[in-house]
Amino acid sequence: MNILILNGSPHVNGNTMAMVNAFADGAREKGHTIEIVHVYRKNIAGCLGCEYCHNKNYGVCVQKDDMQEIYKALEQAEVMILASPMFFNNISGPLQSAISRIYAMGKPEKLKKCAMFLSSRIDGIYEGIMEIHKITTKIMGVEDIGVITSVGEQNSILERRKEMIEHGFVSEKLNVGVIKEKLDEIREFGRRL
């Protein structure tokens, strides 16, 4: 299967990317093709709601920016993974913009499944975005294959843990077993596709 991962984290060596890498390792083991797009490095504006894509030139967005690369990738994708850290109870702004722009395509022809990976320092902040994900997959007509979260002690990147330690969300001692268990869960998710 062709799998497109839209990574919404600005941290290419952060916790969200650790989740993406674990998933990609598992999926590649089973022969799947992975394409990772780091949306924070792209110039992608949000949807204008102008309806050009549905009234003037179906499937074509009036905005000409880096979203064109994602449209091309979506034409081949059978599975899409949306990955993001949680910022103020929401996914990152660049990932929100990319998701809103998929509207121009309608339902990507080959896309069958979609999942979401979320990382945060605290638990209990996922409900709203999980509901949005559920509705988005329903509107797109694709199977929602789940949301995987990585919270606090499950996050593996030491440099990203400093702030969590300073605010008392995690201990200074790295719980390698908990981290390994979470990354193994994500790796296995990639193998099961």
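Close amide H partners of PHE117, meaning residues 5 or more places away or on another chain with modelled amide H under 5 Å apart, are LEU82, ALA83, SER84, ILE148.
Kindly count the pairs of lysines across the stretch 1-104 whose alpha carbons are less than 18 Å apart, treating pairs on different chains or eight or more residues apart as eligible. Working shown, then result.
Working: LYS42/LYS64; LYS42/LYS72; LYS56/LYS64; LYS64/LYS72.
Final tally of qualifying lysine pairs is 4.
Between helix 67-76 and the chain there is an angle of about 90 degrees, using the helix long axis and the longest principal axis of the Cα atoms. For LYS138, the lysines whose Cα falls under 17 Å of its own Cα, not counting residues fewer than eight places away in the same chain, are LYS107, LYS110, LYS112, LYS113.
Basic side chains Lys and Arg get +1 at the Cβ, acidic Asp and Glu get -1 at the Cβ, and with that the dipole of the stretch 2-121 about its Cα centre reaches some 120 debye. The charge dipole of the stretch 54-105, taken about its Cα centre with unit charges on the Cβ of Lys, Arg, Asp and Glu (plus for the first two, minus for the last two), comes to roughly 200 debye. Put simply, when 5-16, 179-190 are sorted by average Cβ atoms within 10 angstrom per residue, most first, you get 5-16, 179-190. Computed with a 1.4 Å probe on the full set of protein chains, the accessible area for VAL151 sits at about 30 Å². Relative to one another, the C-alpha centroids of the stretch 1-79 and the stretch 81-112 are positioned 8 Å apart.
Think of the chain as having a plus end and a minus end, set by charges on the Cβ of Lys, Arg, Asp and Glu; of HIS54, PHE189, THR136, HIS54 sits farthest toward the positive end of this dipole. Rolling a 1.4 Å probe over the protein chains gives THR33 an accessible area of about 80 Å². Packing-based ranking of 117-126, 46-55 yields 117-126, 46-55, ordered from highest to lowest mean Cβ neighbour count within 10 Å. With the full set of protein chains in place, find how many percent of the accessible area of the chain is carbon and sulfur; take the probe as 1.4 Å. Ligands and nucleic acids excluded, carbon and sulfur reach 50 percent.
At 1.4 Å probe size, put ARG101, ARG191, ARG41 in order of accessible surface, largest to smallest. Before the final figure, lay out the partial values.
Values: ARG101 5, ARG191 70, ARG41 160 Å².
Sorted descending by solvent-accessible area, the residues read ARG41, ARG191, ARG101.
Under the simplified labelling scheme, the GLU35-TYR103 pair shows an inter-label distance of 2.3 nm, with each label point 7 Å from Cα along Cα→Cβ. Once the gyration tensor of the Cα atoms in the stretch 1-109 is diagonalised, the equivalent ellipsoid follows with semi-axes of 25, 18, 10 Å, ordered largest first.
Provide the per residue accessible area, probe 1.4 Å, for the chain, rounded to a whole number of square angstrom. Please report the intermediate quantities before stating the final value.
Values: 9870 Å² over 193 residues.
Accessible area per residue: 51 Å².
Take 77-83, 109-115 and order them by the average number of nearby Cβ atoms within 10 Å per residue, most first; the result is 77-83, 109-115.
The values are calculated or read from the model by the stated rules, or taken from the named source; none is laboratory data. Note that this is a predicted model, so its numbers are computed, not measured. Quick reminder, even Gly has a Cβ in these numbers, built from the backbone with ideal geometry, and neighbours come from all protein chains shown. Note: areas computed on protein heavy atoms with side chains; ligands, DNA, RNA excluded. Shrake-Rupley method; radii C 1.70, N 1.55, O 1.52, S 1.80 Å.
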